[in-house]
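Single-structure report; data block below.
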Amino acid sequence: MDGGEILEIGRDALYTLLQVSGPILLLGLVVGVIISLFQTVTQIQEMTLTFVPKILVVFASLLILLPQMGSLMGGLMTRLMERIVQGG
């Protein structure tokens, strides 16, 4: 195994990481911006108002996206195992 193959494996792992975590982080970001705009407009400075909706959205998105996340991570593991078998 040379440096090029190691870089390819790392690139594949980072791309999978972005695919798995990206949608959840994006939803959390969007909800955070909406809540902060709401707080700015209404001048409500309640700390729990920022955390509770984000937690609920992240939890709901995890429930919805978990099958896709599992298949993406399973695909990465399959590709890694195929490389190990071919190298041996």
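The values are calculated or read from the model by the stated rules, or taken from the named source; none is laboratory data. The model shown is predicted, which means the values in this text are computed figures rather than measured ones. So basically every Cβ, Gly included, is an ideal-geometry build from the backbone, and we count neighbours across all protein chains shown.
Which of the residues belonging to segment 31-88 are under 14 Å from the mean Cα position of the chain (by Cα) and farther than 19 Å from residue 17 by Cα?
Those that are under 14 Å from the mean Cα position of the chain (by Cα) and farther than 19 Å from residue 17 by Cα: 57, 60.
Taking only pairs six or more apart or across chains, which ones have beta-carbon atoms under 9 Å, a first residue in segment 30-43 that is more than 14 Å from residue 58 (Cβ to Cβ), and a second residue that is at pLDDT below 90 and assigned to a helix (DSSP H, G or I)?
If the second residue must be at pLDDT below 90 and assigned to a helix (DSSP H, G or I), the pairs left are 36/50; 38/49; 39/49; 39/50.
Show the residue pairs meeting these rules: Cβ distance below 7 Å; 6+ apart or different chains; first residue within segment 65-88 and within 19 Å of residue 14 (Cβ to Cβ); second residue small (Gly, Ala, Ser).
These pairs meet every condition: 76/13.
To keep it simple, each residue is scored yes or no on (1) touching a helix residue (DSSP H, G or I) at 6+ places or on another chain (Cβ under 6 Å); (2) among the small types (Gly, Ala, Ser); (3) in a helix (DSSP H, G or I).
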site: 13; (1), (2), (3): no, yes, yes
site: 17; (1), (2), (3): no, no, yes
site: 24; (1), (2), (3): yes, no, yes
site: 33; (1), (2), (3): no, no, yes
site: 54; (1), (2), (3): yes, no, yes
site: 63; (1), (2), (3): no, no, yes
site: 80; (1), (2), (3): no, no, yes
site: 84; (1), (2), (3): no, no, yes
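If you scan segment 31-54, which residues turn out to be more than 27 Å from residue 14 (Cβ to Cβ) and among the hydrophobic types (A, V, I, L, M, F, W, C)?
Hits for segment 31-54 are 34, 35, 37, 38, 41, 44, 47, 49, 51, 52.
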